[in-house]
Amino acid sequence: MAEKKKTFEQAMIRLEEIVTQLEKGEAPLEESLKLFEEGTKLVSFCNEYLDKAQTKIKELSELEKENEDE
């Protein structure tokens, strides 16, 4: 069964859930470590997504500027 690709928004929601759970401090150490690991993966995913979005915006802005200069 193919895993559905997560969106940036879904990743952020899950990250918020993880932070809330960890801040409560009620999870056992092993579960906290798993949550932390999942959270770091989500942060990497979100950063990569934002980097790609920033690159795309920069490319579109430069293209628009080139079109205005013609």
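The values are calculated or read from the model by the stated rules, or taken from the named source; none is laboratory data. Since we're looking at a predicted model, the values are computed, not measured. Cβ atoms come from the backbone with ideal geometry, glycine included; neighbour counts cover every protein chain shown. When the accessible area is computed, the model is the full protein with side chains, heavy atoms only, and any ligands, DNA or RNA have been set aside. Shrake-Rupley method; radii C 1.70, N 1.55, O 1.52, S 1.80 Å.
The number of residues in the stretch 24-70 that are closer than 13 Å to Ala11 by Cβ and of a type in the set (S, T, N, Q) comes to 3. Scanning for something touching a residue at least 24 places away in the same chain (Cβ under 8 Å) and either open to solvent by 90 Å² or more (accessible area, probe 1.4 Å) or touching a Ser or Thr at 6+ places or on another chain (Cβ under 7 Å) (or both), does the stretch 46-60 turn up at least one residue? Looking for residues that are touching a residue at least 24 places away in the same chain (Cβ under 8 Å) and either open to solvent by 90 Å² or more (accessible area, probe 1.4 Å) or touching a Ser or Thr at 6+ places or on another chain (Cβ under 7 Å) (or both), one finds at least one in the stretch 46-60, hence yes. For the stretch 3-43, a tally of residues being more than 15 Å from the chain's Cα centre (by Cα), open to solvent by less than 100 Å² (accessible area, probe 1.4 Å) and either among the acidic types (Asp, Glu) or farther than 28 Å from Ala53 by Cβ (or both) returns 5.
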